[in-house]
Amino acid sequence: MLDNKKKWIELDSASEKQLQAELKNIDEKIAELTPASDPVERAKLTLAKTTTLIGLNRNNPVWDDTRPLLPFFLEHEMLDEAVQTCDMLYQANQVDSIAALIHGVWLAVSFPVDPALTMNLLSEVIDEMPPDSDGAALAAATAHYVAGIRGDEKSFENLNFYTTNLLAKVAGGHSRINSQEGLNMWMARLELDDPKVFLPRFGEVLNVVVPEGDWWFDREKLRSMFPQ
């Protein structure tokens, strides 16, 4: 079972001042909005405010304002923003934050979301799992696969390097693997080199954490709305 392991981040004075200035600027922009203002602009500002509050370790105020952004962004087909919203709800470290992370991961893996954002959420899932768990191995393999199919000419090398190291780290914790040959054998043994095997298995892990009936959106409806 996953437990939220997010830690309080110590801020230096310069970082805190910068974030406070950003928060003031966002609040001023929100205050200028009227009932006739573009709701997308309002939602984006709210998400920006949430991100800044999380950066300031002010987690408690964000949930009620941020949670409604998820259905809004999905309705407006703004997938990256929907995933970012899930990540911020996870960062808020509240009762349902793990569920928020799982929702974000499902969206990020299922649809053509920014691969860097997808890597970030999958890395968070790995951090939440015991190092010797198959779930961590499946998440790392999924990250490596997504990097391979979504990374463009400019980003592929960095994403591939990152996810290869992620796989090696997980392999070390899972089975004490410490060589490239061992990594290749480990991946073959767990069938982490076959997306037709490991992607459905990873989906099963997500369904254990958030059982059928507890999802915040209709996954089949979303599959019909967005390319996969």
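The values are calculated or read from the model by the stated rules, or taken from the named source; none is laboratory data. Every value quoted in this text rests on a predicted model; they were computed, and no experiment measured them. Every residue, glycine among them, receives a Cβ derived from its backbone with ideal geometry; neighbour counts consider all protein chains shown.
Confirm whether residue 104 is free of Cβ contacts under 8 Å to residues at least 24 places away in the same chain and either crowded, with 16+ Cβ neighbours inside 10 Å or in contact with a Lys or Arg (Cβ under 7 Å, 6 or more places away or on another chain) (or both). Walk me through it before giving the result.
Numbers: free of Cβ contacts under 8 Å to residues at least 24 places away in the same chain: yes; either crowded, with 16+ Cβ neighbours inside 10 Å or in contact with a Lys or Arg (Cβ under 7 Å, 6 or more places away or on another chain) (or both): yes.
The answer is yes for residue 104.
If you check residue 167 against the conditions, is it buried (at least 16 other Cβ atoms within 10 Å of the Cβ), in contact with a Ser or Thr (Cβ under 9 Å, 6 or more places away or on another chain) and closer than 19 Å to residue 121 by Cβ?
Numbers: buried (at least 16 other Cβ atoms within 10 Å of the Cβ): yes; in contact with a Ser or Thr (Cβ under 9 Å, 6 or more places away or on another chain): no; closer than 19 Å to residue 121 by Cβ: yes.
Taking the combined requirement at face value, the residue does not satisfy it.
Which residue pairs have Cβ atoms closer than 9 Å, lie 6 or more positions apart in sequence or on different chains, and pair a first residue in the stretch 21-44 that is assigned to a loop (DSSP other than H, G, I, E, B) with a second residue that is at pLDDT 95 or above and surrounded by 11 or more Cβ atoms within 10 Å (Cβ to Cβ)?
Close Cβ pairs satisfying both conditions: 33/41; 33/42; 33/45.
Out of curiosity, is residue 132 charged (D, E, K, R), over 16 Å from residue 222 (Cβ atoms) and part of a loop (DSSP other than H, G, I, E, B)? If you could, list the steps in order and put the result at the bottom.
Numbers: charged (D, E, K, R): yes; over 16 Å from residue 222 (Cβ atoms): yes; part of a loop (DSSP other than H, G, I, E, B): yes.
When the stated conditions are applied, residue 132 passes them.
Across the stretch 67-85, what is the total count of residues that are in contact (Cβ under 8 Å) with a residue 60 or more places away in the chain and within 16 Å of residue 38 (Cα to Cα)?
At the first step, the residues of the stretch 67-85 found to be in contact (Cβ under 8 Å) with a residue 60 or more places away in the chain are 70-71, 74, 77, 79.
Now restrict to residues that are within 16 Å of residue 38 (Cα to Cα): 77.
Residues meeting the conditions: 1.
Can you tell me which residues in the stretch 76-103 are closer than 24 Å to residue 224 by Cα and not in a helix (DSSP H, G or I)?
Taking the stretch 76-103 first, the residues closer than 24 Å to residue 224 by Cα are 76-87, 99-103.
Passing the criteria: 76, 77, 78.
Based on what the data block shows, is residue 142 in a helix (DSSP H, G or I), modelled with pLDDT of 95 or more and polar (S, T, N, Q)?
Numbers: in a helix (DSSP H, G or I): yes; modelled with pLDDT of 95 or more: yes; polar (S, T, N, Q): yes.
Taking the combined requirement at face value, the residue satisfies it.
Kindly check whether there is at least one residue in the stretch 47-57 that is within 18 Å of residue 205 (Cβ to Cβ) and modelled with pLDDT of 95 or more. Step through it out loud before you land on a result.
Kept after step one, since they are within 18 Å of residue 205 (Cβ to Cβ), are these residues of the stretch 47-57: none.
No: the stretch 47-57 contains no residue that is within 18 Å of residue 205 (Cβ to Cβ) and modelled with pLDDT of 95 or more.
Could you look through the stretch 113-162, keep only residues that are over 17 Å from the mean Cα position of the chain (by Cα) and hydrophobic (A, V, I, L, M, F, W, C), and pick out the one that is surrounded by the most Cβ atoms within 10 Å (Cβ to Cβ)?
156
For the stretch 169-228: of the residues being among the aromatic types (Phe, Trp, Tyr) and assigned to a loop (DSSP other than H, G, I, E, B), which is modelled with the lowest pLDDT?
Narrowing the stretch 169-228 to residues among the aromatic types (Phe, Trp, Tyr): 186, 198, 202, 215-217, 226.
Restricting the remaining residues to those that are assigned to a loop (DSSP other than H, G, I, E, B) gives 215-217, 226.
Values: 215: 97, 216: 97, 217: 97, 226: 87.
Ranking the candidates gives 226 first.
State whether the residues of the stretch 25-44 include one that is under 18 Å from the mean Cα position of the chain (by Cα) and either crowded, with 19+ Cβ neighbours inside 10 Å or over 20 Å from residue 99 (Cα atoms) (or both).
Kept after step one, since they are under 18 Å from the mean Cα position of the chain (by Cα), are these residues of the stretch 25-44: 44.
Now drop any that are not either crowded, with 19+ Cβ neighbours inside 10 Å or over 20 Å from residue 99 (Cα atoms) (or both), which leaves 44.
Looking for residues that are under 18 Å from the mean Cα position of the chain (by Cα) and either crowded, with 19+ Cβ neighbours inside 10 Å or over 20 Å from residue 99 (Cα atoms) (or both), one finds at least one in the stretch 25-44, hence yes.
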